[in-house]
Amino acid sequence: DQQVKQNSPSLSVQEGRISILNCDYTNSMFDYFLWYKKYPAEGPTFLISISSIKDKNEDGRFTVFLNKSAKHLSLHIVPSQPGDSAVYFCAASGGATNKLIFGTGTLLAVQP
Amino acid sequence: NAGVTQTPKFQVLKTGQSMTLQCAQDMNHEYMSWYRQDPGMGLRLIHYSVGAGITDQGEVPNGYNVSRSTTEDFPLRLLSAAPSQTSVYFCASSTEGTGLYNEQFFGPGTRLTVL
């Protein structure tokens, strides 16, 4: 049972445009959400997070939106740059567990 | 700071062999964890530790053992390797203040193949 889902395995966007990566979750007890970025042959690196008490969090070109009623979050990257090309993992935690549950990842390719 | 280091980077085992994946961090983090990454599966938690001497199971603990004798080190032992354990293994750590699931710092990974 996949509690955190990233339904798009890959996404391709042009440099300068907006990238939107989506994530859905099923466990209503999740109260903290994170995005990680991973380059090939490297470990994931933390990108941005959001608590369930908020619906938006910004950090430079990266914004995460949380829609609790839809159990959906999204990561917006504006403007997209070729260096943003990587796999992006959504993760969630909360409720009865303090463990981090990851989605399957979305491979973002930003074309120059 | 070296951050989180993992050795070896690559390893090939035969079915039934045992080995230990090493993980060390120099950030004085209380929390450490082990994940495996498989195609189409994301990262799945194997074992984690909230401090020296304390460990607990994650989502997929079978076939693995851990111990935490020091704050810095968190080795993962494969008792009898199976082809299903072919994967990329990541160690991660985080500060006590932010909790197990917050802003974990990951090592570069160990790519393990079991024949």
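The values are calculated or read from the model by the stated rules, or taken from the named source; none is laboratory data. On a predicted model such as this, the values are computed, not experimentally measured, just so you know. Cβ sites come from the backbone with ideal geometry, for glycine too, and all protein chains shown count toward neighbours.
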Quiz item: When segment A:91-112 is examined, which residues are found to be more than 9 Å from chain B (Cβ to nearest Cβ) and at pLDDT 90 or above?
Solution: A:Thr106, A:Leu107, A:Leu108, A:Ala109, A:Val110, A:Gln111, A:Pro112
Exercise. Using the structure shown, decide if A:Ser80 is crowded, with 17+ Cβ neighbours inside 10 Å, touching a strand residue (DSSP E or B) at 6+ places or on another chain (Cβ under 9 Å), away from chain B (no Cβ under 13 Å) and in contact (Cβ under 8 Å) with a residue 60 or more places away in the chain.
Key: yes
Quiz item: Before we move on, is B:Val88 touching a Lys or Arg at 6+ places or on another chain (Cβ under 6 Å), part of a loop (DSSP other than H, G, I, E, B), closer than 29 Å to A:Cys23 by Cα and not basic (Lys, Arg)?
Solution: no
Exercise. Return yes when B:Leu112 is assigned to a strand (DSSP E or B), surrounded by 14 or more Cβ atoms within 10 Å (Cβ to Cβ) and more than 14 Å from every other protein chain (Cβ to nearest Cβ) and no when it is not.
Key: yes
Practice problem: Pick out the one residue from B:Ser49, B:Ser93 that is buried (at least 16 other Cβ atoms within 10 Å of the Cβ), at pLDDT below 95, of a type outside the set (A, V, I, L, M) and under 16 Å from B:Thr110 (Cβ atoms). | Solution: B:Ser93
Practice problem: Could you please find all residues in segment B:35-61 being free of Cβ contacts under 8 Å to residues at least 24 places away in the same chain, farther than 10 Å from A:Thr104 by Cβ, in a loop (DSSP other than H, G, I, E, B) and within 11 Å of another protein chain (Cβ to nearest Cβ)? | Solution: B:Glu59
Practice problem: Read through the list (1) touching a residue at least 12 places away in the same chain (Cβ under 8 Å); (2) farther than 17 Å from B:Gln6 by Cα; (3) within 14 Å of chain A (Cβ to nearest Cβ), then give the number of the only condition that B:Val88 fails. | Solution: (2)
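Can you pull out every residue in segment B:68-85 that is closer than 24 Å to B:Phe10 by Cβ, out of contact with any strand residue (DSSP E or B) (no Cβ under 7 Å at 6 or more places or on another chain) and part of a loop (DSSP other than H, G, I, E, B)?
Passing the criteria: only B:Ser80.
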Practice problem: Collect the residues in segment A:6-19 that are part of a strand (DSSP E or B) and surrounded by fewer than 16 Cβ atoms within 10 Å (Cβ to Cβ), keeping them in residue-number order. | Solution: A:Ser10, A:Ser12, A:Gln14
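Among the residues of segment B:1-33, which ones are under 21 Å from A:Trp35 (Cβ atoms) and outside any loop (DSSP other than H, G, I, E, B)?
Looking only at segment B:1-33, we keep the residues that are under 21 Å from A:Trp35 (Cβ atoms), and these are B:3-4, B:29, B:31, B:33.
Listed by number, the residues that qualify are B:Val4, B:Tyr31, B:Ser33.
Do we find that A:Ser49 is within 14 Å of chain B (Cβ to nearest Cβ), buried (at least 18 other Cβ atoms within 10 Å of the Cβ) and within 28 Å of B:Thr110 (Cβ to Cβ) in this structure?
Working: within 14 Å of chain B (Cβ to nearest Cβ): yes; buried (at least 18 other Cβ atoms within 10 Å of the Cβ): yes; within 28 Å of B:Thr110 (Cβ to Cβ): yes.
Yes: the conditions hold for A:Ser49.
Report yes if A:Tyr32 is within 10 Å of chain B (Cβ to nearest Cβ), surrounded by 16 or more Cβ atoms within 10 Å (Cβ to Cβ) and farther than 25 Å from A:Gln111 by Cα, otherwise no.
yes
Which one of A:Asn7, A:Asn57 is over 24 Å from B:His47 (Cβ atoms), without any contact (Cβ under 8 Å) to a residue 12 or more places away in the chain and within 14 Å of chain B (Cβ to nearest Cβ)?
Being over 24 Å from B:His47 (Cβ atoms), without any contact (Cβ under 8 Å) to a residue 12 or more places away in the chain and within 14 Å of chain B (Cβ to nearest Cβ) holds for just one of A:Asn7, A:Asn57, which is A:Asn57.
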